[in-house]
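Chemist: Let me give you the structure first, and then I'll get to my questions.
The values are calculated or read from the model by the stated rules, or taken from the named source; none is laboratory data. None of the values given here were measured: they were computed from a predicted structure. Don't worry about glycine lacking a Cβ; one is built from the backbone with ideal geometry, like all the others, and counts go over all protein chains shown. Only protein heavy atoms, including side chains, enter the accessible area calculation; ligands, DNA and RNA are left aside. Shrake-Rupley method; radii C 1.70, N 1.55, O 1.52, S 1.80 Å.
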Amino acid sequence: MKTTTVKEALTISSLIGEKVTICGWVRTFRSNRFIALNDGSTIYNIQAVVEFEEIEEAKLKKINTGAAVQVSGTVVESQGKGQKVEIQVNEFEILGEANPEEYPLQPKKHSLEFLREKAHLRMRTNTFGAVFRLRHAMSFAIHQYFHNKGFYQMHTPIITGSDAEGAGEMFRVTTLDLDNIPKGEDNKTDTSKDFFGKETNLTVSGQLEAELGALALGKVYTFGPTFRAENSNTTRHLAEFWMIEPEVAFADLIDNMNLAEDFLQHLAQYALDNCMDDLEFLNEREIAEDKLKPQIERNELNLIDRLKFVTANNFERITYTEAIKILENSKPYKKKKFNYLPEWGSDLQTEHERYLVEKHFKKPVVISDYPASFKAFYMRQNEDGKTVAAMDILFPGIGEIIGGSQREERLDVLKEKCKAFNIPEEHVWWYLETRKFGTCVHSGFGLGFERLVMFVTGMTNIRDVIPFPRAPKNAEF
Ligand code: ATP
Ligand code: MN
């Protein structure tokens, strides 16, 4: 059967006067005549006008919010206001009923918390439809961006035997019988009996493998699921999230920053150019939500303006040392408002990052050259011996969106770093060999995909930008 999507019916003007068949779900049904029909192809509904005489009463009773229906009829210019075309229905089929006594999504406002518990149905709402269409658009734009720049996508393993990635707590992967774990002489788990003959975990990053790829293919990127068993119930962390990790040979820290900035600006521009219907909906939604909030919590710029702002303005670039100086001269510092004192040598806290991005600079900020002490072993040691060639990009309202660095390419320095981080060389022998054979300057970064989607949708909880979030005590659906 040839069907037309709601988006096609609404936008292809040559369909006016033609007979079409549309399948979708009923959003509302008014006056026993007007169905607002949505099929997910667009934020907009199409109005299907059903003539009472032509359809039996029993069938009419089944046109309830949430029901799946198939309508056939002629596309005509609309009489009512608010829509250009509508369907004059002459054939009508109920495909799947939705009992109004039970269907949880009624045509009224539901809270995001309520909808999180109905994750199997929430994609049928305007808000989540818009979010997940934008999520798709961003995924597509990312592949397109890298492809056009000569990068190759690399599929790095999801199960990893390397415990050197050092980005956080890992999820163990095992086929051992948990009720009867084989023990070695030291009474520790005998991992040689496990599936892979060694301890394995879900990956926290594809970077180490992506580096191997970059040192052969020049420019590569990964785009895959990433797992962190962080027991932090924040609005910015998931236990399973998607990460994009480009890695480039013969590129230093500045090249890396330039790539990251251009990449993020391109993605914001892509959303503005291709997703305006959904953006306008989310923008209006945010403005309405803001009205319910106290002045101080409202957005200074609305969603669309924030995207435009990012495309139009260079990011601020400062070093960690400069960031500490700014914080030490700030009002909240002098008024003792920070819960943690900013101090050279300790990591920036969320409150510090927010001050820099949202109060001081009011724009995205790239912070570079962090102390080596709290950054990963593979980041390149700077001449000062104290800092490494790292860079984080912080976004207003989001916090860290990108973390990256120039990688340590000098074998002797890298071996020293392994020692200092208690990483046995035999665990990363393959990584070290790339520094032995044809080593070169190279750099890369990781973009948290959901944090990007938060930025382009204006959603403030990361659980609302992934279809089925994984978080502590939460793996339903
Ligand atoms: P954060 O300080 O926010 O925990 P991180 O320093 O642990 O981040 P990286 O290890 O540098 O992050 O990971 C690269 C990117 O992946 C981050 O910039 C962020 O966008 C994203 N990210 C990290 N952890 C998570 C998580 N638990 N859920 C979702 N995205 C994450
Ligand atoms: Mn983290």
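Chemist: Of these, E343, E284, which one is assigned to a loop (DSSP other than H, G, I, E, B) and either open to solvent by 70 Å² or more (accessible area, probe 1.4 Å) or on the phi > 0 side of the Ramachandran plot (or both)? So that I can check it myself, show each step before the final result.
Modeler: On the way: E284 fails: assigned to a loop (DSSP other than H, G, I, E, B).
After ruling out the rest, the residue left standing is E343.
Chemist: Could I ask something else about it? With the structure loaded, tell me whether I466 is closer than 20 Å to S232 by Cβ, in contact (Cβ under 8 Å) with a residue 60 or more places away in the chain and in contact with a Pro (Cβ under 9 Å, 6 or more places away or on another chain) or whether it fails that test. Let's see the steps before the verdict.
Modeler: Values: closer than 20 Å to S232 by Cβ: yes; in contact (Cβ under 8 Å) with a residue 60 or more places away in the chain: yes; in contact with a Pro (Cβ under 9 Å, 6 or more places away or on another chain): no.
When the stated conditions are applied, I466 does not pass them.
Chemist: Identify the single condition in (1) open to solvent by 60 Å² or more (accessible area, probe 1.4 Å); (2) within 16 Å of ligand 2 (Cβ to nearest atom); (3) of a type outside the set (S, T, N, Q) that W430 does not satisfy, given that it satisfies every other one.
Modeler: If we test W430 against (1) open to solvent by 60 Å² or more (accessible area, probe 1.4 Å); (2) within 16 Å of ligand 2 (Cβ to nearest atom); (3) of a type outside the set (S, T, N, Q), just (2) comes out false.
Chemist: Further, regarding this structure: Return yes when E86 is outside any loop (DSSP other than H, G, I, E, B) and either within 16 Å of ligand 2 (Cβ to nearest atom) or charged (D, E, K, R) (or both) and no when it is not. Break it down stepwise before answering.
Modeler: Values: outside any loop (DSSP other than H, G, I, E, B): yes; either within 16 Å of ligand 2 (Cβ to nearest atom) or charged (D, E, K, R) (or both): yes.
So E86 passes the test.
Chemist: In the range 422-452, how many are touching a residue at least 12 places away in the same chain (Cβ under 8 Å) and farther than 17 Å from G403 by Cβ?
Modeler: The initial filter retains those residues of the range 422-452 that are touching a residue at least 12 places away in the same chain (Cβ under 8 Å), namely 423, 427-428, 430-432, 434-436, 438-452.
From what is left, the residues that are farther than 17 Å from G403 by Cβ are 423, 427-428, 430-432, 434-436, 438-441.
Going through the range 422-452 one residue at a time, the tally reaches 13.
Chemist: Here are K335, K308: which of them is under 22 Å from the mean Cα position of the chain (by Cα) and open to solvent by 70 Å² or more (accessible area, probe 1.4 Å)? Quick ask: steps written out before the conclusion?
Modeler: Numbers: K335 fails: under 22 Å from the mean Cα position of the chain (by Cα).
Among K335, K308, only K308 is under 22 Å from the mean Cα position of the chain (by Cα) and open to solvent by 70 Å² or more (accessible area, probe 1.4 Å).
Chemist: Within the range 220-233, work out how many residues are over 13 Å from the mean Cα position of the chain (by Cα) and more than 11 Å from ligand 2 (Cβ to nearest atom). Break it down stepwise before answering.
Modeler: Of all residues in the range 220-233, those over 13 Å from the mean Cα position of the chain (by Cα) come to 220-222, 227-233.
If we keep only those that are more than 11 Å from ligand 2 (Cβ to nearest atom) as well, we get 220-222, 227, 229, 231, 233.
Within the range 220-233, residues that are over 13 Å from the mean Cα position of the chain (by Cα) and more than 11 Å from ligand 2 (Cβ to nearest atom) number 7.
Chemist: For the range 234-258, give me each residue that is within 13 Å of ligand 2 (Cβ to nearest atom) and not in a strand (DSSP E or B).
Modeler: Looking only at the range 234-258, we keep the residues that are within 13 Å of ligand 2 (Cβ to nearest atom), and these are 234, 236-239, 241, 243.
Correct list: T234, R236, H237, L238, A239.
Chemist: Return yes or no: is V310 out of contact with any Ser or Thr (no Cβ under 8 Å at 6 or more places or on another chain), in a strand (DSSP E or B), at negative phi and at pLDDT 95 or above? Please lay out each step first, then the result.
Modeler: Details: out of contact with any Ser or Thr (no Cβ under 8 Å at 6 or more places or on another chain): yes; in a strand (DSSP E or B): no; at negative phi: yes; at pLDDT 95 or above: yes.
When the stated conditions are applied, V310 does not pass them.
Chemist: May I pose another question? Are any residues in the range 428-459 part of a loop (DSSP other than H, G, I, E, B) and away from ligand 1 (no atom under 14 Å from the Cβ), and if so, which ones?
Modeler: V428, F437, G438, T439, C440, V441, G458, listed by residue number.
Chemist: If S205 satisfies every condition in (1) touching a residue at least 40 places away in the same chain (Cβ under 8 Å); (2) away from ligand 1 (no atom under 15 Å from the Cβ) but one, which is the exception?
Modeler: Checking S205 against (1) touching a residue at least 40 places away in the same chain (Cβ under 8 Å); (2) away from ligand 1 (no atom under 15 Å from the Cβ), the one that fails is (2).
Every residue, every condition in (1) among the basic types (K, R); (2) at pLDDT 95 or above, yes or no:
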residue	(1), (2)
K193	yes, yes
F196	no, yes
L215	no, yes
A229	no, no
F241	no, yes
